[in-house]
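Notes for the one structure printed next.
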Amino acid sequence: MSAQGSAIPSLPMPRRFVRYVLSFGISVGIGMAPFLGKIKVPGFEALLELFPRQLQGVLIPLSAFLMGLVALAIQFYHSEKIAAGSLRRYFRMGFIAMVLGFFLFVVLHRLFVIRVPLGRGESHAAVVVTPTRLETCGCERRLTNYDCVRTLSFDPAALATCWGGEAQQVRELSLMIPYLLLTSGFGALIGLLVLKEDTPAKRKQRRSRKPS
C-alpha cells in the first residue's frame, strides 16, 4: 500500500454506514430468500410461484429491497419510545390492510393468470393473459387460452405473440404491486410484533423473571 493510501484515516462513521448498508441491503435479503422464494424449501411453495417466471426475476430483488427497508425502520424505531397502545393500533390497521390486500391479490390472480401443468402435471407454469388475443397469435380462435398456451410452449416470446402489449403490462403491474405490498406488509407486522415484545415494560418484566 502506498504512503498516501495508508495516510487516509479510517473514520468510524463511514465504516458504520457501510456496515449498515450491507446489513440491511444484503443480509436481510439473503435471510429472507426462503420466504421470498429465491431458495426452494421442500414442501413449501412461496407466493412467488404464482407468478410467471419472467416476472419472478424482477420481484425477488424488489421484495428483498423492501424487506431491507422494513428492517431498517424496525431498527430506527427500536430506540424510540412507542406506547403499547399505539403499537396495537398500528398492528390492527396493518393486519386489516393485509387481509384486504390478500383477497384483492387472490381476485386479480384468478382473473389475470392461468396455470398450465408442465410435463406430466407435477408442476405448473403461470401465464398472464389478456381478454383478447393479438392478431399475431398462432393459435386457432376456437382454442381456449389454456389449450393455446400448451400449443405455443412456455417461451415468453411465443406467448407475447398472443398476449402482449400495454394490456398485458397493466395486468402484470396490477399483480406485482399487491404482491410487493403483501410481502413488505407481512414483514412490517412482524416488525411491530418485535417492537411490542421489546418495550420497556416487557424488558422490565423479563428482568424480573430472571433468577437472582
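Taken together, the values in this text are just the output of simple stated rules run on the coordinates, not laboratory data. Keep in mind the model is a prediction, meaning the values are calculated, not measured. Cβ sites come from the backbone with ideal geometry, for glycine too, and all protein chains shown count toward neighbours.
For the chain, the longest principal axis of the Cα atoms and the long axis of helix 200-209 meet at an angle of about 70 degrees. Computed over segment 31-143, the quotient of the alpha carbon radius of gyration and 2.2 N^0.38 Å is 1.47. When both segment 20-34 and segment 55-134 are represented by their alpha-carbon centers, they are found 18 Å apart. Taking a ≥ b ≥ c as the square roots of the eigenvalues of the Cα gyration tensor, an a/c ratio of 1.5 or more together with a/b larger than b/c marks segment 125-192 as prolate. If you take mean projected area of the Cα convex hull in nm² from the coordinates, which of (1) 20.4; (2) 13.4; (3) 12.0 do you get? Answer label, from the structure shown: (1). Normalised by the number of residues in segment 15-196, the average gap of Cα pairs under 8 Å and 6 or more apart makes the relative contact order 27 percent. In a DSSP loop and with at most 14 other Cβ atoms within 10 Å, the trypsin sites (Lys or Arg not before Pro) in segment 124-176 are 141, 142. In segment 112-185, Cα pairs under 8 Å separated by at least six residues give a relative contact order of 29 percent.
Helix 84-112 and the longest principal axis of the Cα set of the chain meet at an angle near 10°.
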